[in-house]
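See below for the structure under consideration.
The values are calculated or read from the model by the stated rules, or taken from the named source; none is laboratory data. Because the structure is predicted, anything quoted here is derived from the model rather than measured. Heads up, the Cβs are rebuilt from the backbone with ideal geometry, glycines too, and the neighbour counts pull from every protein chain shown.
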Amino acid sequence: MQPISSKSSFDLPTIGLGCMSLPIDYTAAKAVLDQAFDLGITFFDTADLYQRGLNEQHLGKGFSGRRAQVILATKVGNQWNSSGSSWSWNPTKSYILQAVEESLKRLKTDYIDLYQLHGGTLEDPWDETLEAFQLLKEQGKILAFGISSIRPNVIRKVMAMTPPKSIMMQYSPLDRRPEEEVFPLLEKADTRVLVRGAFAKGLLIDKPEAAFLDFSQAQVSQIRSAIAESGWMPEAVLIRYGLSQGAVGSLIVGASSATQVRQLVKGYEESQMVPDEIIRRLQVNFPANRYTDHR
């Protein structure tokens, strides 16, 4: 995989594996991780929230002995209650400094490449949140920090304070909300977008058609048909679509089996041959939705 250009201490490859859907069984999860690694994927994204930390454990065990060959990203901010039945939002400095130690243990590493705040609101204590990330960078426990947010008002605030290395957000032909404000803002910055949801939960590939955001089931069907009739793999078109934006640096795509990983890599390779005209037609023929909240 070809890395995007970066001024930081490491580069983010243009495609990464989202690990939220990894099997709970370690042997099955390792088969997915091994297949991805063997096919050239070196960027893996998880969160301490996923499977209550088990997801991080799978990555730590799975990449033991080859840590230096992969880029590990995880997230913080969602704190489980004592019974493990639910979680609450906690972006405080004290919690971040506590949670990172647990993630480091589960990931079996002494540093995290990209440590991301798993959300964010305008009311968060941003001074201390960003101070926590800066401290962790100075201590060498993280190489860079990012946020995972779809809120334009939050993104503007953070960018005005301490621009992160990356901002993860949903983007696909069914969710073009970032095009209005966020992409133009970030195109001028070093901060890059990590796209999630490029396949719209599989609705644009092979999952049963259903309404999505403000698109009706019939509209989803129309967009899906247009992609299928392009003559290219749907995965290839959607990856090309996501990476076509100047602010986007990487796509994070999930997989729960080795077969899905192979399909992902095949789609990524084919995406580099998808003509610009295919993407332009999708953008012109179907409406772009807009944020109504958190503007």
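It is to be established whether one or more residues within the range 109-119 are closer than 21 Å to residue 79 by Cα, at pLDDT below 95 and within 16 Å of the chain's Cα centre (by Cα).
yes
If I ask for residues that are touching a residue at least 12 places away in the same chain (Cβ under 8 Å), under 27 Å from residue 157 (Cα atoms) and basic (Lys, Arg), which ones from the range 181-225 would you list?
192, 196
Would you tally the residues in the range 232-287 being among the acidic types (Asp, Glu) and either buried (at least 16 other Cβ atoms within 10 Å of the Cβ) or under 16 Å from the mean Cα position of the chain (by Cα) (or both)?
The total comes to 3.
Among the residues of the range 74-99, what is the count of those that are within 22 Å of the chain's Cα centre (by Cα), of a type outside the set (Val, Ile, Thr), at pLDDT 90 or above and farther than 20 Å from residue 122 by Cβ?
1
Does residue 182 fit the bill of being under 22 Å from residue 113 (Cβ atoms) and β-branched (Val, Ile, Thr)?
no
Could you check, for the range 40-55, whether at least one of its residues is surrounded by fewer than 23 Cβ atoms within 10 Å (Cβ to Cβ) and part of a strand (DSSP E or B)?
Scanning the range 40-55 turns up no residue that is surrounded by fewer than 23 Cβ atoms within 10 Å (Cβ to Cβ) and part of a strand (DSSP E or B).
Given (1) crowded, with 18+ Cβ neighbours inside 10 Å; (2) among the aromatic types (Phe, Trp, Tyr); (3) within 23 Å of the chain's Cα centre (by Cα), where does residue 291 come up short, assuming only one miss?
(1)
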